[in-house]
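S.K.: I have a structure I would like to understand better, so I am pasting it below and will then ask my questions one at a time.
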Amino acid sequence: MKLDLLAAMNAERAARRACVLVSDLDSGEQRLVVEAALDEDPLAPLLRAQLRLGKSGMVESGGRRLFLTVQAPPVHLVITGAVHISQAMVPMARQLGLDAVIIDPRTAFATPERFPNVRLVPEWPDEALPRIGLDRYTAFVALTHDPKIDDPGLSAALRSDCFYIGALGSRKTHARRVERLTEAGFTPVDIGRIHAPIGLSIGAVSPAEIALAILAEVVASLRQGDGA
């Protein structure tokens with residue numbers, strides 16, 4: 001690989017932007033397609049399909065054999081709420097390769113004893129999220145049932161490019177949430193990005209089952225949706 005291509009890939013990695021190195025296996029030619037230029041590229045459908053998989057691989061186009069080297073940022077899972085569901089969710093998320101962080105100003109809940117080996121941020125979301133950052137490779141999950149904690153996080157997520165936004169609560173709870181977010185200036189299209197009730201409909205009851213349903217929906221949005 002030429003040094004200029006390697007430098008460009010490293011710059012995209014540092015900025016948490018995806019890119020794909022296209023290598024012609026017959027001619028040896030290489031070019032880098034950055035995320036901002038993806039839609040205009042003649043290989044756009046192939047590149048997007050490979051990015052959704054998050055894996056490098058060989059494809060054929062126009063009689064040419066191409067190897068697509070995919071570089072995608074690690075997916076962040078940002079959770080508001082150090083609750084039983086998040087206790088069950090974090091180990092599963094780790095197995096899925098998701099980088100989880102839990103935000104909860106309630107220091108009695110956000111403890112290393114309850115969440116070993118997890119990044120805990122015992123702050124209010126509006127204080128923590130600007131530092132943590134939300135981008136198109138972030139899934140945001142609100143789990144506290146407390147509008148003082150969840151609403152600021154949801155507001156930040158709706159202003160970002162998060163590929164997934166979900167919030168725990170019944171339809172009645174979400175209806176009240178919609179009213180608050182509408183009063184805060186968000187449109188029906190904005191609010192429609194929120195998955196609520198959260199998680200795939202699998203009849204989940206226990207915290208572990210709810211965590212499973214949420215993570216399944218996150219993965220579906222990542223791999224099949226219009227997100228990252």
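The values are calculated or read from the model by the stated rules, or taken from the named source; none is laboratory data. Bear in mind that the values here come from a model prediction, so they are computed numbers and not experimental data. For neighbour counting, all protein chains shown are included, and Cβ atoms are generated from backbone atoms with ideal geometry for every residue, glycine included. To get the accessible areas, we keep the full protein, side chains included, count just its heavy atoms, and leave off ligands, DNA and RNA. Shrake-Rupley method; radii C 1.70, N 1.55, O 1.52, S 1.80 Å.
S.K.: How about the range 201-218: which of its residues are more than 16 Å from Ala100 (Cβ to Cβ), among the hydrophobic types (A, V, I, L, M, F, W, C) and over 16 Å from the mean Cα position of the chain (by Cα)?
M.R.: Ile202, Ala204, Val205
S.K.: Please enumerate the residues belonging to the range 39-72 that are in contact (Cβ under 8 Å) with a residue 12 or more places away in the chain and among the hydrophobic types (A, V, I, L, M, F, W, C).
M.R.: Result: Leu43, Leu46, Leu47, Leu51, Leu53, Met58, Val59, Leu66, Phe67, Leu68, Val70, Ala72.
S.K.: How many residues, within the range 174-195, are open to solvent by 30 Å² or more (accessible area, probe 1.4 Å), touching a residue at least 12 places away in the same chain (Cβ under 8 Å) and assigned to a loop (DSSP other than H, G, I, E, B)?
M.R.: Number of matching residues: 2.
S.K.: Among the candidates Gly81, Gly54, Gly28, Gly62, single out the residue that is open to solvent by 80 Å² or more (accessible area, probe 1.4 Å) and at positive phi.
M.R.: None of the other options fit; the residue is Gly62.
S.K.: With the condition kept exactly as written, say whether any residue in the range 73-89 is over 30 Å from Pro152 (Cα atoms) and in contact with an Asp or Glu (Cβ under 8 Å, 6 or more places away or on another chain).
M.R.: No - not one qualifying residue is present in the range 73-89.
S.K.: If we keep just the residues of the range 96-135 that are among the charged types (D, E, K, R) and within 12 Å of Val78 (Cβ to Cβ), which is surrounded by the fewest Cβ atoms within 10 Å (Cβ to Cβ)?
M.R.: Only one residue fits best here, namely Arg131.
S.K.: With Ser155, Ser201, Ser160 as the choices, which residue is closer than 26 Å to Leu38 by Cα and either in a loop (DSSP other than H, G, I, E, B) or of a type outside the set (Val, Ile, Thr) (or both)?
M.R.: Going through Ser155, Ser201, Ser160 in turn, the sole match is Ser160.
S.K.: Looking at the range 163-173, which of the residues that are open to solvent by 50 Å² or more (accessible area, probe 1.4 Å) and in a helix (DSSP H, G or I) is farthest from Pro207 (Cα to Cα)?
M.R.: Taking the candidates together, the pick is Lys172.
S.K.: If I ask for residues that are among the aliphatic types (A, V, I, L, M) and either free of Cβ contacts under 8 Å to residues at least 12 places away in the same chain or in contact with a helix residue (DSSP H, G or I) (Cβ under 6 Å, 6 or more places away or on another chain) (or both), which ones from the range 103-131 would you list?
M.R.: Ile103, Ala108, Val118, Val121, Leu129
S.K.: Pull up the range 16-25, narrow it to residues that are within 31 Å of the chain's Cα centre (by Cα) and not charged (D, E, K, R), then point me to the one that is surrounded by the most Cβ atoms within 10 Å (Cβ to Cβ).
M.R.: Step by step, filter the range 16-25, then rank; the result is Val20.
S.K.: Which residue pairs have Cβ atoms closer than 9 Å, lie 6 or more positions apart in sequence or on different chains, and pair a first residue in the range 1-25 that is farther than 24 Å from Pro45 by Cβ with a second residue that is of a type in the set (Lys, Arg)?
M.R.: Pairs found: Ala11/Arg17.
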